[in-house]
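Please read the structure below before turning to the comments.
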Amino acid sequence: MWLTRSATYLSVTLMASLYITESETQAFNSSLAIEIAKHLNKAYKFSNFVFFLSENLLNDTEVMDDFLPQFWKKFPRTPYVTVTRQHYRMQGFLDKRSLIYIFVTGYDDPILPLAALNLRRIRYYPIIFVFLPRGIYDKPFTAGSEAYVNFTDNLVNIFEWIWKRQFSRTFLLSVDNNIYIHDLFPVPTIVNKTDNWSVKDLFVKIGNNFKGHIIKTPICYDLPRVFRLPSNELSGVSGKLFKAFVRFINASLIDDATCYSIKEPYNLTKILQDVSEGRLQISVHSYTEMLNSPAGSSYPIGINDFCFIVPFRRRSPEHLFLQRTLQNSTWLFVVFAMFYVTFAIWWLTTEERRDFTLAFLQSISSFLYAPPLQILYLHIKYTRFFSILLFILGFCLTNLFQSKMSSYLTASLPDSQINTVADLLATDLKIIVMEHELPILKAIGYDDAFLKRFVPVKKNFMDSHRDRLNATYAYSSQTDRWNFVKIQQLQLKYPVFHLSEICIGPYYLVYPIREDSVFYKPLKYFILYAHQYGLQTHWNRQAFSEALALKYVSMMDVNEEIKPLSMNFFRSIWLIWGIGITLSGAAFIVEMRETVFERINARAGNEWQRYIE
């Protein structure tokens, strides 16, 4: 048992047997209430009974001294009593076979918000409201009397509160054996069932027929999820699913005219706030559940990763064409083989004709499939056999290299792509993100250098650049938006954008919906049916076709023109040529110095000889 010093509310959960003495009261017909409970228990087999009791009721009347002892006799349970101003969640503590009583003295009774908080996310459980107004029993209770007017106002306000808090399976007991049920659709209506009640009528079943109930929601521009056609018909990946759901439950969808223009972007923050505060029951605008939303969420439509899309590098740098025809390890092997063949030619040549530089030139000529310089002139059989091997080597290597170069020049293979944060930081790209996404990205813990690349923008700026495939920037994107961009690039040999590996998630793609909403369960099963029957894939294709027809998106044309070679292509050649000229010049200078030194030494030696003679 939990107690606070100035306790206002009393919550009792009964779970086994207890006996309390009875007393009589004229305020409330306990026999009728217990008879109803017996019939309900016979139909639903309840295992738990929960009571929310107002302290106002306990102080003003003696109803509980009459009702509770009789109830416990019929349904023996062990009591678990909590007296507190605080609330605690009963989700997980109770199962669906629980009958909940809420005793109130008026629509402003503080027990109501306490019960709503405790029953959060289980408000579809069977609940009986017992409305016992204070001070009504000693006053005339006839139509038009003050007591009657106050009772009626309280009754209407209580049922209005029930609808706002989305208690869906409930009825109300009150004085004079009155029984009221809440018929929710097409509009919430209070129905008096005092004279003709039956167990099956008390808890109104919510099926798939909402009897034309009106669902008001803003319909704004959010490609590819939601957009409107010129006929004002709802379209988009999420829009088509929502429209089919409304038809499935026999409801009506009305645009609340928040967005006056067809292309006016939606305000996600405002929509989530409106749903949270009850101004909207549900919204057609789905969102990726990475935000700390105050609103509830539907069953997931899909799973989204939050990633960054970056421009695709469609061509390798021209100056690297020659280098990338062979792998680095292959180039090293070719250089090693060249020096190895040079040594072999030098070693196979007779001692009087050995020349290392000539052997090196002969090796290069063999690799390039050029005519030999000296080896054929050697009248030695093993040198002729070695020349045949060099001929085969040069033939194979030269033809393979030429064919590889030809494929590079005709295919224009793409460069290595931007996949990591380091790759992106090595470029000059700015990253366009939505304003509400920036705090989430900062909280993840990216480097400051990476965070400085983010440019927060509004929805219309993002749409005008990302949906038009403007490759000047990188963009934040979710999986469903990327799928739309990917379809736009199907006809291209190489895409304009590439999905990087810089991702967070996964997250659910959901509709914002009020917590404990009566729409949650029908929408959940409809989403499952739509996925099982392949309707989601069909609606995705249909939404893209309609967006393409309205020119909201465009298919990129194949325009692969032959690009003439620029001077950049010869950069590697000029580099090798420059290194060769430098080394040749250095070798020439060394040879000249040696020649000069030899001449000087020879001249000095001759003069010294003459001097001696």
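General observations
- With DNA, RNA and ligands ignored, accessible area of Ile444 (1.4 Å probe; Å², nearest 10): 70
- Accessible surface ranking that places the most exposed of Arg453, Arg599 first, with a 1.4 angstrom probe: Arg599, Arg453
- Heavy-atom accessible area order for Ile100, Ile262, Ile581, largest first, 1.4 Å probe: Ile581, Ile262, Ile100
- Chymotrypsin sites (Phe, Trp or Tyr not before Pro) within region 503-540, DSSP loop, no more than 10 other Cβ atoms inside 10 Å: Tyr533
- On the basis of the beta-carbon distance and an R0 of 51 Å, Leu438 and Arg599 show a calculated FRET efficiency of 0.05.
- Straight-distance crosslink candidates among lysines, where the alpha carbon sits under 19 Å from Lys430 and sequence neighbours closer than 8 are dropped: Lys442, Lys452, Lys458, Lys459
- Glu352 - accessible surface, heavy atoms, 1.4 Å probe, Å² rounded to 10: 150
- Extension reserve of the Leu528-Glu55 stretch, reckoned as 0.36 nm per residue once the Cα distance is removed: 165.8 nm
The values are calculated or read from the model by the stated rules, or taken from the named source; none is laboratory data. This structure is a prediction, so every number in the text was calculated from the model and none was measured. Here Cβ is always computed from backbone atoms with ideal geometry, including for glycine, and neighbour counts include all displayed protein chains. We work out accessible area using only protein heavy atoms, side chains counted, and drop any ligands, DNA or RNA first. Shrake-Rupley method; radii C 1.70, N 1.55, O 1.52, S 1.80 Å.
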